[in-house]
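The values are calculated or read from the model by the stated rules, or taken from the named source; none is laboratory data. Only a predicted model underlies this, so the values are computations on that prediction, with no experimental measurement involved. Quick reminder, even Gly has a Cβ in these numbers, built from the backbone with ideal geometry, and neighbours come from all protein chains shown. Just the protein is used for accessible areas: all its heavy atoms, side chains included, with ligands, DNA and RNA removed. Shrake-Rupley method; radii C 1.70, N 1.55, O 1.52, S 1.80 Å.
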Amino acid sequence: MFHPVNVLDHISVTVSDMDRSLAFYRDLLGLKEVERHRLEGETISTMADKPGVIMQVVRLAAPETPDILLDLQQYLAPEGKVSNAKLGDVGHAHFCFGVPNLDEAYRELSTKGVEFVSEPVQFDLGWAVLDVVFMKDPDGFVLELVGVAEPKSSG
């Protein structure tokens, strides 16, 4: 009998250059490196349905959510192709990082060359006002930043 999913273990992003991606995710965004490992051989090749897989993986975590891991994975062999799925396309994915002050994060990351899809916008959800913006990692993978601008009182 199938037992329902009960844990979100990790999220994975395939990158073209591990050093460049670590400079972005770890050094610029502030994620913490948890571990790194190399996968190769029959097991990973079978799992990935590709012959001769050699993969470098670096696991990262945000300081306040250390149990949700972000795996950066670089296929050293065979080299992958760049995906061209865009926001709104079926098969496209993104994930969201929370920041204490989105306007400040947007200004600082912009000055450091991070490409944004637009300027930040605000959503009034009734229970909170959220500041939100999409940005791109060095390979063009879209990420979201969110900041809670103003929690609303229930009174």
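Computed over the chain, the per-residue total of -39500 (n - 2.57) for DSSP H runs of n ≥ 4 gives a 222 nm mean residue ellipticity of -3500 deg cm²/dmol, rounded to 500. Using Cα-only point scatterers and the Debye equation, what is log10 of I(q)/I(0) for the stretch 21-107 at each q in 0.15, 0.22, 0.25 Å⁻¹, rounded to two decimals? Log-scaled intensity ratios, in q order: -0.76, -1.20, -1.23. Taking the convex hull of the alpha carbon positions in the stretch 96-141 and averaging its projected area over all directions gives 3.4 nm². The residues I44, I54, sorted by heavy-atom accessible surface at 1.4 Å with ligands and nucleic acids left out, run I54, I44 from largest to smallest.
The accessible-area ordering, largest first, of the residues E119, E42 stands as E42, E119, per a 1.4 angstrom probe. Evaluated over the chain, the count of Lys pairs having alpha-carbon atoms less than 28 Å apart is 12 (only pairs 8 or more residues apart or interchain). At full extension, T111 and N6 could sit 33.8 nm farther apart than now, given 0.36 nm per residue minus the alpha carbon distance.
If both residues of a DSSP beta bridge must be in the chain, then about 80% of such bridges are antiparallel. In sequence order, the stretch 96-113 has phi-based couplings of 10, 9, x, 10, x, 9, 5, 4, 5, 4, 4, 4, 5, 5, 4, 5, 9, x Hz under the Karplus curve 6.51 cos²θ - 1.76 cosθ + 1.60, θ = phi - 60°, and Gly or Pro positions carry x.
Seen from a random direction on average, the alpha-carbon convex hull of the chain projects onto 12.4 square nanometres. Largest first, the three principal axis extents of the alpha carbons in the stretch 67-155 are 58, 29, 29 Å in whole numbers.
Computed with every protein chain present, the accessible area of R26 is close to 80 Å² [probe 1.4 Å].
These residues, L28, L76, go from largest to smallest accessible area, 1.4 Å probe, as L76, L28. Using a cut-off of under 18 Å, list every residue of the stretch 45-78 whose amide N is near the label point 7 Å from the Cα of F95 along the Cα-to-beta-carbon line. Correct set: 56-75.
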